[in-house]
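None of the figures in this text is laboratory data; all of them are computed from the coordinates on show. Not measured: the values here are computed from a predicted model. Glycine gets a Cβ as well: all are built from the backbone with ideal geometry, and neighbour counts include every protein chain shown.
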Amino acid sequence: MHHALRRHAPFWLSIFAGLAIWEVAGRSTSAAFMVPFTTTLVRLWQLVVSGGFFTALLDSSELFLTGFVLAVAVGLPVGLLLARVRILRVGVEPYIMTLYATPMVALIPFILSMMGFGFAPKVLVVFLFAVFPVLYNTVEGARSIKPELIEVAKSFRSSEWALWREVMLPYTLPYTMTGVRQAIGRALVGMIAAEFFLSSTGLGQLIMIASQNFDTGGVFASILIIGLIGVGLMRLGLMLEQHFARWRQ
Amino acid sequence: MSETAVTIPVSVASARKPWRFTDSMIVPRVIVGIVILLIWEFAVRALAPAYVAKPTGVVLAIPKVLTDPVFLKATGETMASVAQGLGITLIFGTIIGVWMGRSLTFDRAIRHYINGFNAIPMIVVLPLFSLWFGYSGYTRFATIIFAAIFAIIMNVADGARSVPREYLEVSRSFRAGRLSVLLGIVLPASLPYILAGVRLAAGRALIGAVVAEFFLSIGGVGYYILYNSRSYHHNEAFVGVLLLAGFGVGFELLVNWSIRRFMPWYRRGDNS
């Protein structure tokens, strides 16, 4: 009990201090500039009650999940295939690395003018943001498999299936999960970017409308919510990563 | 040094072919590159409208774009903003990160905020920043800093935390001052982490700059891409994308190279 208190006290202390600073700062500046924490909560409650918030959340979730699941569904098998076929991997590697390091936002204007304002172009944006971390990290994992391991497996006449199950997958999956964690973060950025710059929907639209109406409380409420979602998803990604990395420690 | 006795026989056993920069690496890469370009070219010719970017069109547009003063000015503006933002980020991020790494109280007080801000998709702050700083370069600058600083802080804090205890004990037994411990031990020991943070931060800063230019319609490479693709000059716009990609990759390679060159003792993970 005492121990738990001492462990968690600094956390709550810092949260309360932060909220207090926010409250005081909000009250001592113009409402067009910043609103205090309590006003933000009130505004958030209004958004929840009016139903606008849940519609937005649902729209955004649909976009996020579609793009993200597609990215993993493509990135993981392709990455594993590249892991096994060395010549293909060597050939494709620099291009994956290049696309991984390219800021994908720069492609949004092209997607807009070629595909217009539907659901599909927005999914494409989320997909492009998320797929390369998965692919890049899976290939990185494949590169880390020591050739001796495969040679040993082969000299014991391991079947292809057993080789995948016992060597390839356990070795690459921890890396893939690092990619999945990165992809979660990037897909979230892609989601908001798509909602800002393509057809305006979801949580992105919620902020846009609030800022166009100079509804600073609405802007703060939306940022708070998206921030909390971001923190939650990041934690989920970290758990996933640690779960799969367990055997390596 | 005892490690070498173990590693040599293994590496001899697995040394089937020379590893890097041999023909066996370059040939498949060139072939894949050619295949990608051919598919792109013919797919666009067959399926897409004439304005859509294709490799031949982009190559033809390169000399025109690179001598276009509008493009050069845009590039200069974006890069100057990113460089200044990264500079400020590096200084303050390192200070805050080292402080976090070395003081448990400070770490506990702010780590949740750093983690939290780091998890916020940076682009959501744009409407707020544009309210605060107006539709100007200041908003882009603030976005760059917001996008980059938390990655640096987290990495530097990790680095400062992982300074080997023996180093600090030795310095204490020689009665080293706080400052010389900081500059002589903590900073050099966390240098690889700082560089890893910079690599992450540079990518994010670039995204932040482009997104801000889209959002605010202020001059820069991002706006150049937006403007030209809106007016159906996709080939010209794509040169801007190539520049951004080149910048991203160049920075990645530079950081990797400098870690290998200047910090050869540092190995990331278990892939040697």
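Take each residue of peptide B:101-109, count the partner chain Cβ atoms within 10 Å of its Cβ, and average: the result is 2.
The Rg/Rh ratio for the stretch B:120-188 is 1.28, where Rg is the radius of gyration of the alpha carbons and Rh is the Kirkwood radius.
The order of the peptides B:85-96, A:189-200, B:43-54 by mean Cβ neighbours within 10 Å, most packed first, is A:189-200, B:85-96, B:43-54. Distance from a point 7 Å along Cα→Cβ of A:Ile21 to each backbone N in the stretch B:128-157: keep the residues under 17 Å and list them by number. Flagged as within label range: B:146, B:149-151, B:153-154.
Couplings for the stretch B:145-157, taken from phi via the Karplus curve 6.51 cos²θ - 1.76 cosθ + 1.60 with θ = phi - 60°, read 5, 4, 5, 9, 5, 5, 4, 5, 4, 4, 5, 5, 4 Hz in order; Gly and Pro are left as x.
The three principal axes of the C-alpha atoms in the stretch B:32-169 carry coordinate ranges of 66, 42, 27 Å, sorted with the longest axis first. As a ratio to 2.2 N^0.38 Å, the alpha-carbon radius of gyration computed for the stretch A:1-68 takes the value 1.61. Applying D = kT/(6 pi eta Rh) to chain A, where Rh is the Kirkwood radius over alpha-carbon pairs, T corresponds to 25 °C and eta to 0.890 mPa s, the Stokes-Einstein value obtained is 118 µm²/s.
Within the same chain, lysines fewer than 8 places from B:Lys64 are excluded, and of the rest, those with a Cα less than 24 Å from its Cα are B:Lys54, B:Lys73.
With contacts taken as Cα pairs under 8 Å at a separation of at least 6 residues, chain A carries a relative contact order of 26 percent.
With an 8 Å Cα cut-off and a minimum separation of 6 or more residues, compute the relative contact order for chain B in percent.
Values: 266 pairs, mean separation 63.4, N = 272.
It rounds to 23 percent for chain B.
Taken along the Cα-to-beta-carbon direction at a fixed 7 Å, the label points for B:Val70 and B:Asn115 span 4.8 nm. Principal axis extents of the Cα atoms in the protein assembly as shown, from largest to smallest and rounded to whole angstrom, are 72, 71, 45.
Annotation: for a label point projected 7 angstrom from Cα along Cα→Cβ of A:Arg165, residues of the stretch A:143-159 with backbone N closer than 14 Å are A:158-159.
Shielding of peptide B:25-31 by partners, expressed as the average count of other chain Cβ atoms within 10 Å per residue Cβ, is 4. For the pair B:Ala80 and B:Trp99, the difference between a 0.36 nm per residue extended length and the Cα-Cα distance amounts to 4.0 nm. Rounded to the nearest 20, the size of the Cβ-charge dipole of the stretch B:60-262 about its Cα centre is 580 debye, with Lys and Arg at +1 and Asp and Glu at -1. Compute the distance in nm between two label points, each set 7 Å from the Cα along the Cα-to-Cβ direction, one at B:Leu242 and one at B:Leu168. Reported label-point gap for B:Leu242 and B:Leu168 is 5.1 nm.
For a straight C-alpha distance cut-off of 21 angstrom, the lysines reachable from A:Lys154 (same-chain residues fewer than eight places away being disregarded) are A:Lys146, B:Lys17.
Inter-part distance, the stretch A:35-74 to the stretch B:202-272, computed on C-alpha centroids, equals 29 Å.
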